[in-house]
Amino acid sequence: MARKSVVAVIGLGRFGKSLALELMSEEAEVLGIDSNPKTIESVAGRITHAVVADSTDAEALEQLSVQECDRAVVGIGTNLEASILTTSVLVEMGIPNIWAKAISNSHARILRQIGAHHVVRPEHDMGLRVAHLVRGRMLDFIEFDDDYAMVKTRAPDYMVGKTLRESGPRRQHGVTIVAIKRAGEGFTYATAETVVTEGDILIVSGKIMDTERFSEII
């Protein structure tokens with residue numbers, strides 16, 4: 001049943017279910033696994049395969065051919081033992097791309113130590129993102145590693161009518177304008193000769209503090 005194009009999503013609570021359905025909307029094939037029959041009933045017919053199974057049981061996962069998937073997501077959150085054991089089983093199976101949900105720093109640390117390739121904390125990460133949006137004029141905010149971020153914000157008044165070379169956002173604020181969007185148009189890559197007009201939306205990259213300060217300029 002499983003093959004390289006199938007994503008195994010284990011634990012279909014709010015996070016796992018939302019993820020599985022979004023993957024389906026993007027035309028991926030999804031193998032959903034949960035120990036609760038009612039949970040499986042709620043997604044039956046909405047994802048490619050929905051199966052009741054104990055994800056901490058290596059034999060059960062092998063029977064479902066989970067080992068043939070190259071991507072797996074452990075969406076189990078509150079049951080720490082099940083989360084850790086399931087992730088460990090997937091690591092032992094040699095799944096090359098394992099994502100796991102954590103609910104605390106210690107949980108995240110353990111998941112990384114046993115071999116999870118990517119650890120996410122949805123509630124924590126969303127809280128940080130919203131905090132950045134609430135503080136300033138940002139329209140969107142994405143944080144990456146090494147204190148780097150990309151921000152969606154409105155062009156400040158001082159840039160209107162000037163090229164990016166003339167306004168010098170990198171020189172003055174330490175940020176790079178990656179793309180620009182005008183009303184009624186899609187985003188386009190920005191160049192040094194791009195002229196900013198009133199109401200333009202900018203995608204800005206740089207150090208977190210620099211992007212925050214830039215987004216607060218009126």
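The values are calculated or read from the model by the stated rules, or taken from the named source; none is laboratory data. Keep in mind the model is a prediction, meaning the values are calculated, not measured. A quick note on method: Cβ atoms are made from the backbone with ideal geometry, for glycine too, and the neighbour counts reach across all protein chains shown. The accessibility values were calculated without ligands, DNA or RNA, using every heavy atom of the protein model including side chains. Shrake-Rupley method; radii C 1.70, N 1.55, O 1.52, S 1.80 Å.
A compact table of results
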quantity: Region 22-52: number of residues that are open to solvent by 40 Å² or more (accessible area, probe 1.4 Å), over 20 Å from Val119 (Cα atoms) and not in a strand (DSSP E or B); calculated: 14
quantity: Condition met for Ala100 (aliphatic (A, V, I, L, M) and open to solvent by 30 Å² or more (accessible area, probe 1.4 Å)); calculated: no
quantity: Subset of region 103-120 (residues that are open to solvent by 90 Å² or more (accessible area, probe 1.4 Å) and out of contact with any strand residue (DSSP E or B) (no Cβ under 6 Å at 6 or more places or on another chain)); calculated: Asn105, Arg109, Gln113
quantity: Among the candidates Glu92, Glu123, Glu68, residue that is under 24 Å from Glu29 (Cα atoms), open to solvent by 50 Å² or more (accessible area, probe 1.4 Å), modelled with pLDDT under 95 and out of contact with any Gly (no Cβ under 6 Å at 6 or more places or on another chain); calculated: Glu68
quantity: Of the criteria (1) of a type outside the set (Val, Ile, Thr); (2) open to solvent by less than 40 Å² (accessible area, probe 1.4 Å); (3) under 18 Å from Ala20 (Cβ atoms); (4) not in a loop (DSSP other than H, G, I, E, B), which one Ser55 fails; calculated: (4)
quantity: Hits in region 82-124 - residues which are charged (D, E, K, R), in a helix (DSSP H, G or I) and in contact (Cβ under 8 Å) with a residue 12 or more places away in the chain; calculated: Glu92, Glu123
quantity: Complete set of residues in region 143-160 that are free of Cβ contacts under 8 Å to residues at least 60 places away in the same chain and surrounded by 15 or more Cβ atoms within 10 Å (Cβ to Cβ); calculated: Lys152, Arg154, Ala155, Met159
quantity: Residues of region 175-214 satisfying the condition of being under 17 Å from Phe141 (Cβ atoms), touching a helix residue (DSSP H, G or I) at 6+ places or on another chain (Cβ under 9 Å) and either surrounded by fewer than 14 Cβ atoms within 10 Å (Cβ to Cβ) or not aromatic (Phe, Trp, Tyr) (or both); calculated: Val175, Thr176, Ile177, Leu202, Val204, Ser205, Gly206, Ile208, Asp210, Thr211, Glu212, Arg213
quantity: Selection count where residues are open to solvent by less than 10 Å² (accessible area, probe 1.4 Å) and either within 13 Å of Val119 (Cβ to Cβ) or of a type outside the set (Ser, Thr, Tyr) (or both), scope region 78-89; calculated: 2
